[in-house]
Amino acid sequence: MLKITVSDWILSRSESFKEILSNLRDHKLNTKNSFSRVREKHRDYESKIREHDARIREMEGLIEQMNMIEEVIPIKIRKAKKKSKKKR
């Protein structure tokens, strides 16, 4: 048991061990921040999808109301008459 304690003490005094722990801590923080950003973007996309869905349902309701009120009257497009050239 004494050997483990002495080895832990020597290891904790080691500069490379301290550097490894520092790198591990930085890695954990970076990973946490990355997942937070991904989660935030995911929430943004979900909110945009909900907005678009609500708009689409609103437009569908308006179209259904228009169809129930009266049928759409077809619009006739007439060609413009050609102007005749005057002789001088």
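Has the range 7-15 got any residue that is assigned to a helix (DSSP H, G or I), modelled with pLDDT of 80 or more, out of contact with any strand residue (DSSP E or B) (no Cβ under 7 Å at 6 or more places or on another chain) and not hydrophobic (A, V, I, L, M, F, W, C)?
Checking the range 7-15: at least one residue is assigned to a helix (DSSP H, G or I), modelled with pLDDT of 80 or more, out of contact with any strand residue (DSSP E or B) (no Cβ under 7 Å at 6 or more places or on another chain) and not hydrophobic (A, V, I, L, M, F, W, C).
Just checking, how many residues over the range 60-73 are modelled with pLDDT under 75 and exposed (fewer than 10 other Cβ atoms within 10 Å of the Cβ)?
6
Is it the case that the range 27-39 has a residue that's modelled with pLDDT under 85 and open to solvent by less than 100 Å² (accessible area, probe 1.4 Å)?
No, every residue in the range 27-39 fails to be modelled with pLDDT under 85 and open to solvent by less than 100 Å² (accessible area, probe 1.4 Å).
What do you reckon, is Lys85 at pLDDT 75 or above and of a type outside the set (A, V, I, L, M)?
It is false that Lys85 is at pLDDT 75 or above and of a type outside the set (A, V, I, L, M).
The values are calculated or read from the model by the stated rules, or taken from the named source; none is laboratory data. Keep in mind the model is a prediction, meaning the values are calculated, not measured. Positions of Cβ are generated from backbone atoms using ideal geometry, with glycine treated the same way; all protein chains shown enter the neighbour counts. These accessible areas exclude ligands, DNA and RNA; they are computed on the full protein's heavy atoms, side chains included. Shrake-Rupley method; radii C 1.70, N 1.55, O 1.52, S 1.80 Å.
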